[in-house]
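Comments concern the structure below.
The values are calculated or read from the model by the stated rules, or taken from the named source; none is laboratory data. Owing to the predicted nature of the structure, the values given are computational and were not obtained by experimental measurement. Cβ: placed from backbone, ideal geometry, glycine included. Neighbour counts: every protein chain shown.
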Amino acid sequence: MTATPAPKEASTAPTRQRPGSDPTEDAQPIMRRVKTKLTSKWATAAAIIIAVVWSVPTFGLFVTSFRPAAKQVGPRSNGWWNAFVDWDFTFKNYADVLTPAGSQSANLSQYFVNSIAIVIPVTIFVLVLASMAAYVFAWGKFKGRDALFIFVFALQIIPLQMALIPLLQFFTQTLHLPAGSYAQLWIAHTMFGLPLGIFLLHNFISEIPGEVIEAARVDGAGHSTIFWRIILPLSVPALASLAIFQFLWVWNDLLVALVFSGGTADVAPITQRLAEISGTRGARDYLNPAAAFVSIIIPLLVFFGLQRYFVRGLLSGGLKG
C-alpha cells in the first residue's frame, strides 16, 4: 500500500511585487477599453470620413497651385475640379514664387530662410528651458514650489496681445536690442512658449517612477546628472511632442512677427510675406496656392519625422496609473 503524499502547505512568505507594477496592471483594462473603442469599425469609418473631408480642400489647393493665372482669376476662371477636364498645368507659379525678379517680386526664398533661422533656435530654447524648469517643479524641493508652478501655469490665460507693446518697449528701451533683429523674435517666442511647455513636460516628468530618481541619488548622482542622463532620455516622447507644437506655432505665427521684425525683409518670416504676396488690389492672388504649399513643406517633414514620438507623448501621460 503506497502512502499518499502529503499536500504541500501554502507558502506564507509574502510575494514581492515589482515597484510600480500595480498602477500598470490597473491601467490595462482602461487601455483595452480605449483600444476597443478606437479600433471598432464605426470608429474607423468615422476616421476615414473625417480624413477625406479635411483632405479635399488641401488637395484642391494643391491642384490650383499648378493652374495658370487665367484659370484661377478673371473671366475664364473656374473651380479646381475642372483641371481634370481641361488639362492645363504649369510650374510657372512656383517659379515666380521662389525665383527673385526684382525688388517687387513675390519670391519666398529669403523669407523661407528667415523662418528657419527663427524657428529652430526658438524650439531649442523652449525645449531646454522648459525641461529644466519642469524637472525642478516635479522633483525639486524648495519653499513656494507649488505656488510658483500655479503662477507659471496661470500665465497661459493671459492674452498674448496684452504683452506685445510692453515687451517691445522693454526690448528697445531697457535692453537696447536693435529693432527688427532676430534676438527680439527669439526672446519673444521663447517667453510665449515657456508656460505651456513647462506644464506639458511637468506632467510627463512627474510620472517617472521615484525609485529611479532615488536609486540615482543613492549612487551619488546630482541634479545635473539625473537630469541629463535619466530625465531627458526618458522624456523623449514628451520632448518630441512639444517640439512639434512649438515648431508649428512659431512657423505659422504672423502677429509676433509683425511686431518684432520691424517690417524688414532681413528677418521677416514666411508668413509675413504670404500676407503681402497678393500685391496691391490682389494682382497676384494666383500665387497664393503655390506659396502656401511652399510654406508647409518644412512643417510636414517635421511632423511626419517625429510622428511616432508625438503619439507616444500624447498618450503616455493619460494611460499611466
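Side notes on the structure shown:
One line per residue, one yes/no per condition, for (1) within 24 Å of T264 (Cα to Cα); (2) surrounded by fewer than 17 Cβ atoms within 10 Å (Cβ to Cβ); (3) under 24 Å from the mean Cα position of the chain (by Cα):
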position	(1), (2), (3)
W87	no, yes, no
Y94	yes, no, no
T123	yes, no, yes
L129	no, yes, yes
A133	no, no, yes
F142	no, yes, no
I165	yes, yes, no
Q169	yes, yes, no
A179	yes, yes, no
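Residues checked against (1) farther than 25 Å from F153 by Cα; (2) out of contact with any helix residue (DSSP H, G or I) (no Cβ under 7 Å at 6 or more places or on another chain); (3) of a type outside the set (K, R):
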position	(1), (2), (3)
F170	no, yes, yes
P178	yes, yes, yes
H189	no, no, yes
L196	no, no, yes
I205	no, no, yes
A215	yes, yes, yes
W228	no, yes, yes
V236	no, no, yes
S241	no, no, yes
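- When the helices (runs of 4 or more DSSP H) confined to segment 229-304 are screened for residues that are at pLDDT 85 or above and among the aromatic types (F, W, Y), those reaching at least 3 such residues are found at 236-251.
- The set of residues in segment 203-228 being among the hydroxyl-bearing types (S, T, Y) and either in a helix (DSSP H, G or I) or touching a strand residue (DSSP E or B) at 6+ places or on another chain (Cβ under 7 Å) (or both) consists of S224, T225.
- Filter result (in contact with a Pro (Cβ under 8 Å, 6 or more places away or on another chain) and at pLDDT 80 or above) within segment 90-109: T90, K92, N93
- Out of L167, L127, one residue alone is in contact (Cβ under 8 Å) with a residue 24 or more places away in the chain, assigned by TED's automatic domain parsing to the domain that holds G262 and under 21 Å from P237 (Cβ atoms). It is L127.
- Odd one out for A147, checked against (1) modelled with pLDDT of 90 or more; (2) surrounded by 14 or more Cβ atoms within 10 Å (Cβ to Cβ): (2)
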